[in-house]
Amino acid sequence: MSKRNRMPGLRQKGGIWQIEKRCRFAPGGWLRESTGTSSRIEAEQILIRRLAELEEEAQRHEDVIYTFEEAALRYLTEIAHKSSADTFAMHLDKLFPFIGHLPVAHVHDGTILPFIEHERQRGLAPKSINNALGIVATVLNRAARVWRNDEGRPWLTQAPAKISRLSVKGQQAKPYPLSWAEQDRLLQHLPRHLADAVLFAVNTGCREQETCQLQWQWEVAIPSMHTSVFILPASVTKTSTERVVVLNTVARRVVEARRGKHRDCVFTYRGHAMLKLNGSAWKRCWRKANLPVEKGILKGVHNLRHTFGKRLRSVGVPLETRKALLGHAIGDITT
């Protein structure tokens, strides 16, 4: 074999051919190893085979495909400590049958459409469907911009698809602040454990999960005023900032009535922390209290915050104070 036809990248040392060849698939960009043979022809065959193996291995790593379910479950693990984790998991249960098996690169408006149509047929409002679509967008963004595999490559190697939202113009349910008489009727029908939590929420403006997860360790006594406040950690608030919950006379009575019933949680059901307020008992009692059930009217527990905000406004509480009491960070507030 003439030198002109010899394959470069081989050097003989001690009678054995050594590989020394640039290779972008090898660590450091160089392939350096012994062929273990003194035959030039065999050494070249070994070199060709090793280059092919390295390229194939690199291609396998590049072709690692993550499904939407894998990505979503990773994100769920990362936010497990947050109050929103349960809601996130609920949306995922509905999304997985439609897009859970798809590679993250294949999740876009077209592949999500069957999910949207299914939820519409179930009668869900556009805003509720948009909440799930927002979760899809969050997962795709994390896959593209944050998560990396062992080789440092992103889970999603292209820009994430823009997930379109449904128009909610003219379709949002209107809040229904309760009158004092309506509040009394509702409380009369609610079971005791739920009535306590609802009475606390409507007198403090706490959100549903802020109420459900309220813990005694967050209570801070103010001896000079013979009362206390609760300082909610950022992990349970919607704004991800600490929030001070001020107790009026009614809320203080509720807290004192609950004291001693559980070591950690203020509001419980059968010895455990409450998971939500807006369950079947709330919906059943809402109807029994002869509160509006027609389409276009908000019927959930968020009406308690609207009630609290409206009452503050009716007695002339300034905007900034209402904003602080309701736990808003910026922008418009619930009134």
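Odds and ends about this structure:
- Hits in the range 229-241 - residues which are surrounded by 14 or more Cβ atoms within 10 Å (Cβ to Cβ) and over 21 Å from THR87 (Cβ atoms): VAL229, PHE230
- The range 252-275, residues that are surrounded by 14 or more Cβ atoms within 10 Å (Cβ to Cβ), of a type outside the set (Phe, Trp, Tyr) and in a loop (DSSP other than H, G, I, E, B): HIS262, VAL266, MET274
- Taken over the range 81-121, the criterion of being among the small types (Gly, Ala, Ser), buried (at least 17 other Cβ atoms within 10 Å of the Cβ) and in a loop (DSSP other than H, G, I, E, B) is satisfied by SER83 alone.
- Boolean, GLY271 is among the small types (Gly, Ala, Ser), farther than 14 Å from GLY205 by Cα and at pLDDT below 95: yes
- Residue that is surrounded by the most Cβ atoms within 10 Å (Cβ to Cβ) [pool: residues in the range 276-302 that are touching a helix residue (DSSP H, G or I) at 6+ places or on another chain (Cβ under 7 Å) and of a type in the set (Gly, Ala, Ser)]: ALA289
- Just so you know, in the range 181-228 the residues that are aliphatic (A, V, I, L, M), in a helix (DSSP H, G or I) and touching a residue at least 60 places away in the same chain (Cβ under 8 Å) include one that is surrounded by the fewest Cβ atoms within 10 Å (Cβ to Cβ), and it is LEU194.
- Which numbered condition ILE65 misses (of (1) among the β-branched types (Val, Ile, Thr); (2) part of a loop (DSSP other than H, G, I, E, B); (3) farther than 18 Å from ASN141 by Cα): (3)
- Filter result for THR335 (at pLDDT below 90, part of a loop (DSSP other than H, G, I, E, B), crowded, with 16+ Cβ neighbours inside 10 Å and of a type in the set (Val, Ile, Thr)): yes
- Where a residue in the range 298-309 is free of Cβ contacts under 8 Å to residues at least 60 places away in the same chain and its partner, wherever it lies, is part of a loop (DSSP other than H, G, I, E, B) and surrounded by fewer than 22 Cβ atoms within 10 Å (Cβ to Cβ), with Cβ under 8 Å and at least six apart: GLY300/ASN278
- Restricting the range 17-50 to residues that are loosely packed, with under 13 Cβ neighbours inside 10 Å and touching a Gly at 6+ places or on another chain (Cβ under 7 Å), the residue that is modelled with the highest pLDDT: SER38
The values are calculated or read from the model by the stated rules, or taken from the named source; none is laboratory data. Not measured: the values here are computed from a predicted model. Virtual Cβ from ideal backbone geometry, glycine too; neighbours counted across all protein chains shown.
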